[in-house]
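Chemist: The structure that follows is given in the form of structure tokens.
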Amino acid sequence: SPEEIAIAKKYGDEASALLVAMHEILGHGSGKLSPKLTQEPTFYLKEYFSTLEEARADLTAMWDVWDPKLKELGLISSPDVAKAMYYQAARTALLQLRGIPKGDTIEEDHQRDRQMIVNYIMDKTGGIVRFTRNGRDYITVNDFDKMRKGVGMLLAELMRIKAEGDYPAIKALMDKYGVHFDPKVRDQVVARYAALNLPTYWAGVYPELQPTLDAKGNVTKVEMT
């Protein structure tokens, strides 16, 4: 839609950076285990632990992005950053199929987590919709409130699963929402991308920052190497 395009252009980069920051700091840093567990969650959740952990971190960011405290702290420029993040999350389930050229299953943990989130919300709340227009498939946000409700529902369940080491529950979620996709849709996505002549992958180059402090410990300048 014109709104989605406009918000993506203006706030897409900010939304991506904020998602990563909150994913790593708030998402992976949150949660509490049941005292009944005698082992780490990885012992109980086995091959699904990494996917659960990535989804839990994404969902934490997607839940907290609407908190007005972010604006109060100067960490977000506009409430539309939250909309940009939600639009990105919805689109990714379709766009990431470009990176899976063969088969009809997703193996990588981040890709599984993104698809699980989108499919779960479509099924449970209808906050995300999938439709076909002029022979092409699209995914977008239908209702931001309903999408956030779905984010909260799935986040609560993943928190519980990790806390209790509930392997059957995470396996059921993954089997239903996170693993399989329609290869015909993937082929369509690959063909659409081919017409754009874009690189398949991007890689970040991360600098090292060295601050210079004054006598009071305040940063006076930062050198980047």
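Chemist: Restricting to segment 132-150, what's the tally of residues that are farther than 22 Å from ASP67 by Cβ and open to solvent by 100 Å² or more (accessible area, probe 1.4 Å)?
Modeler: Looking only at that region, the number is 3.
Chemist: Same structure, new question: Pick from segment 50-60 the residues that are under 11 Å from MET174 (Cβ atoms) and either of a type in the set (A, V, I, L, M, F, W, C) or modelled with pLDDT under 95 (or both): which of them is surrounded by the fewest Cβ atoms within 10 Å (Cβ to Cβ)? Explain how you work it out, then say what you get.
Modeler: First, the residues of segment 50-60 that are under 11 Å from MET174 (Cβ atoms): 51-52, 55.
Retained after the next criterion (residues that are either of a type in the set (A, V, I, L, M, F, W, C) or modelled with pLDDT under 95 (or both)): 52, 55.
On the way: LEU52: 26, ALA55: 29.
Filtering segment 50-60 for residues that are under 11 Å from MET174 (Cβ atoms) and either of a type in the set (A, V, I, L, M, F, W, C) or modelled with pLDDT under 95 (or both), the one surrounded by the fewest Cβ atoms within 10 Å (Cβ to Cβ) comes out as LEU52.
Chemist: Please determine whether any residue of segment 61-81 is closer than 26 Å to PHE131 by Cα and surrounded by 21 or more Cβ atoms within 10 Å (Cβ to Cβ). So that I can check it myself, show each step before the final result.
Modeler: The first filter runs over segment 61-81 and keeps only residues closer than 26 Å to PHE131 by Cα, leaving 62-63, 80-81.
After this cut, where a residue has to be surrounded by 21 or more Cβ atoms within 10 Å (Cβ to Cβ) as well, the list is 62, 81.
Scanning segment 61-81, I find at least one residue that is closer than 26 Å to PHE131 by Cα and surrounded by 21 or more Cβ atoms within 10 Å (Cβ to Cβ), so the answer is yes.
Chemist: Now for a different question. Give segment 98-114 a look and list any residue that's at pLDDT below 95 and surrounded by 21 or more Cβ atoms within 10 Å (Cβ to Cβ), or say none.
Modeler: The answer is none; no residue qualifies.
Chemist: Quick one: is ILE121 open to solvent by less than 20 Å² (accessible area, probe 1.4 Å) and closer than 18 Å to ASN142 by Cβ?
Modeler: Details: open to solvent by less than 20 Å² (accessible area, probe 1.4 Å): yes; closer than 18 Å to ASN142 by Cβ: yes.
Judged against the criteria, ILE121 is a match.
Chemist: Quick test of your reading of the structure: TYR167 fulfils all but one of (1) open to solvent by less than 40 Å² (accessible area, probe 1.4 Å); (2) of a type in the set (Ser, Thr, Tyr); (3) out of contact with any Ser or Thr (no Cβ under 8 Å at 6 or more places or on another chain). Name the failing condition by number.
Modeler: (1)
Chemist: Only one of (1) free of Cβ contacts under 8 Å to residues at least 60 places away in the same chain; (2) under 22 Å from LEU154 (Cα atoms); (3) not small (Gly, Ala, Ser) fails for LYS83. Which number is that?
Modeler: Condition (1) is where LYS83 drops out.
Chemist: Oh, and also: Based on this model, can you work out whether SER16 counts as assigned to a loop (DSSP other than H, G, I, E, B), open to solvent by 30 Å² or more (accessible area, probe 1.4 Å), touching a helix residue (DSSP H, G or I) at 6+ places or on another chain (Cβ under 8 Å) and touching a residue at least 12 places away in the same chain (Cβ under 8 Å)?
Modeler: Working: assigned to a loop (DSSP other than H, G, I, E, B): no; open to solvent by 30 Å² or more (accessible area, probe 1.4 Å): yes; touching a helix residue (DSSP H, G or I) at 6+ places or on another chain (Cβ under 8 Å): yes; touching a residue at least 12 places away in the same chain (Cβ under 8 Å): yes.
Considered against the rule, which asks whether it is assigned to a loop (DSSP other than H, G, I, E, B), open to solvent by 30 Å² or more (accessible area, probe 1.4 Å), touching a helix residue (DSSP H, G or I) at 6+ places or on another chain (Cβ under 8 Å) and touching a residue at least 12 places away in the same chain (Cβ under 8 Å), SER16 comes out as no.
Chemist: Go through the residues of segment 112-125 one by one and say whether even a single one is without any contact (Cβ under 8 Å) to a residue 40 or more places away in the chain and over 30 Å from PHE43 (Cα atoms).
Modeler: Yes: segment 112-125 contains one or more residues that are without any contact (Cβ under 8 Å) to a residue 40 or more places away in the chain and over 30 Å from PHE43 (Cα atoms).
Chemist: What helices (runs of 4 or more DSSP H) lie completely within segment 62-170 and have 2 or more residues being of a type in the set (A, V, I, L, M, F, W, C)? Steps first, please.
Modeler: Values: elements: 69-72, 80-95, 109-124, 144-164.
So the answer is 80-95, 109-124, 144-164.
Chemist: Kindly list, by first and then second residue, each pair from a residue in segment 173-195 that is in contact (Cβ under 8 Å) with a residue 40 or more places away in the chain and over 13 Å from ASP137 (Cα atoms) to a residue that is in a helix (DSSP H, G or I) and hydroxyl-bearing (Ser, Thr, Tyr), limited to pairs with Cβ atoms under 6 Å and residues at least 6 apart or on different chains.
Modeler: Within 6 Å, the pairs are MET174/TYR48; TYR177/TYR120.
Chemist: In segment 126-152, how many residues are touching an Asp or Glu at 6+ places or on another chain (Cβ under 8 Å) and of a type in the set (S, T, N, Q)?
Modeler: Number of matching residues: 1.
The values are calculated or read from the model by the stated rules, or taken from the named source; none is laboratory data. Note that the coordinates shown come from a computational prediction; the quantities given were computed from them, not determined experimentally. Every residue, glycine as well, gets a Cβ built from its backbone with ideal geometry; the counts of neighbours run over all protein chains shown. Remember, those area values only see protein heavy atoms, side chains included, never the ligands or the DNA or RNA. Shrake-Rupley method; radii C 1.70, N 1.55, O 1.52, S 1.80 Å.
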